[in-house]
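The values are calculated or read from the model by the stated rules, or taken from the named source; none is laboratory data. Values in this document were obtained by computation on a predicted structure and should not be read as measured data. When we count neighbours, we look across all protein chains shown, and the Cβ atoms used for this are built from the backbone with ideal geometry, even at glycine.
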Amino acid sequence: MPFDYIEPLFRPPSEAESLILQVTNGCSWNRCTFCEMYTQPQKKFRPKPIAGIRKELQQIAGMNIPLRRVFLADGDAMTLSYRRLHEIMQAVNEYLPDIQRVSAYCLPRNIKNKSVEELRRLRQMGLQLLYIGCETGDDLVLDRVAKGETWQTSLEALLKLQQAGIRRSVMILNGLGGVRYSEQHALNSASLMNESQPEYLATLVVSFPKGQQRLEQGYAGEFEALNRRQLLEEMEMLLSALELDKTIFRSDHASNYLILKGILNKDRERLLNQVQAALAHPEKTRFREEWQRGL
């Protein structure tokens with residue numbers, strides 16, 4: 001590929017076959033205490049000039065590679081202004097006219113200064129799916145991890161995207177509240193999902209490959225990580241509280257011990273039975289081994 005990526009580069013598992021178009025470097029917020037993705041010095045946030053983006057797309061177009069999807073990197077490409085995103089989408093359509101879907105990571109705050117009509121225009125240009133890191137619906141946990149969001153700001157962003165016709169894939173972090181706040185994390189996350197009715201919902205397990213010191217600072221020493229059984233109990237609470245009409249649910253990221261897939265709430269009882277069976281008979285359950293888990 002002719003791209004001069006600033007690594008490390010991240011993308012959702014479902015974008016494995018997409019063209020990764022790096023339109024920004026790093027994350028515009030980059031304060032969340034649980035996230036280590038963009039903490040390296042070379043990942044200081046900055047937008048890529050549109051001229052550079054157009055040049056890369058032109059080079060890709062000349063290679064005649066069959067491409068159907070584009071993922072706009074890095075951490076929250078939707079922080080860019082509507083004008084810049086419009087320019088990027090114009091360039092994608094000009095050089096890659098056969099593209100069927102463009103997607104990106106998104107923080108709720110990225111949507112605040114964009115109107116429904118602006119978002120609808122981007123949708124019409126091919127921006128069809130956004131991966132939104134809500135992480136939790138609990139205001140206390142959001143404050144502890146320095147997310148800079150609330151239940152309400154997350155809901156407002158999700159509903160605005162729904163109005164614009166952009167599909168939403170929401171991420172919730174299993175274990176983010178620690179032992180003390182596990183129940184309210186699960187129940188308030190379910191409440192946020194019930195109010196917003198996202199098209200997709202994914203749960204990942206919070207993990208700390210470089211240690212959890214940053215997270216512990218926000219919790220003033222009261223954070224205690226959940227063990228495998230406690231993570232399953234939290235998942236049981238979340239699933240039991242969800243009231244969704246037609247949401248594709250996935251808990252199959254490499255960080256999860258137990259793989260769960262279904263449509264909520266149609267498959268809720270089956271999923272709950274899987275979790276409850278794992279709690280009752282862990283010795284008979286096929287869990288991911290620790291060496292298999294990761295980001």
Looking at (1) surrounded by fewer than 21 Cβ atoms within 10 Å (Cβ to Cβ); (2) modelled with pLDDT of 95 or more; (3) under 26 Å from Pro108 (Cβ atoms), find the lone condition where Glu269 falls short. (3)
Answer yes or no as to whether Phe208 is farther than 27 Å from Tyr105 by Cα and at pLDDT below 95. no
Please enumerate the residues belonging to region 75-94 that are closer than 15 Å to Leu129 by Cβ, touching a residue at least 40 places away in the same chain (Cβ under 8 Å) and in a helix (DSSP H, G or I). Ala77, Met78, Leu85, Val92
What's the number of the only condition in (1) crowded, with 17+ Cβ neighbours inside 10 Å; (2) more than 21 Å from Gly126 (Cβ to Cβ); (3) out of contact with any helix residue (DSSP H, G or I) (no Cβ under 6 Å at 6 or more places or on another chain) that Leu80 fails to meet? (2)
For region 1-55, what are the residues that are of a type outside the set (S, T, N, Q), part of a loop (DSSP other than H, G, I, E, B) and surrounded by 19 or more Cβ atoms within 10 Å (Cβ to Cβ)? Val23, Gly26, Cys27, Trp29, Cys32, Phe34, Cys35, Tyr38, Lys48
Go over the candidates Ala186, Ala241, Ala190, Ala254 one by one and state the one that is closer than 16 Å to Val145 by Cα, of a type in the set (Gly, Ala, Ser) and touching a Leu at 6+ places or on another chain (Cβ under 9 Å). Ala186
Which count do you get for residues in region 114-165 that are closer than 22 Å to Ser191 by Cβ and either of a type in the set (Asp, Glu) or assigned to a loop (DSSP other than H, G, I, E, B) (or both)? 13
Of everything in region 7-46, what is free of Cβ contacts under 8 Å to residues at least 60 places away in the same chain, under 18 Å from Ile60 (Cβ atoms) and of a type outside the set (Val, Ile, Thr)? Give them in sequence order. Ala16, Glu17, Gln22
Are any of the residues in region 130-145 more than 30 Å from Arg180 (Cα to Cα), buried (at least 17 other Cβ atoms within 10 Å of the Cβ) and within 19 Å of the chain's Cα centre (by Cα)? yes
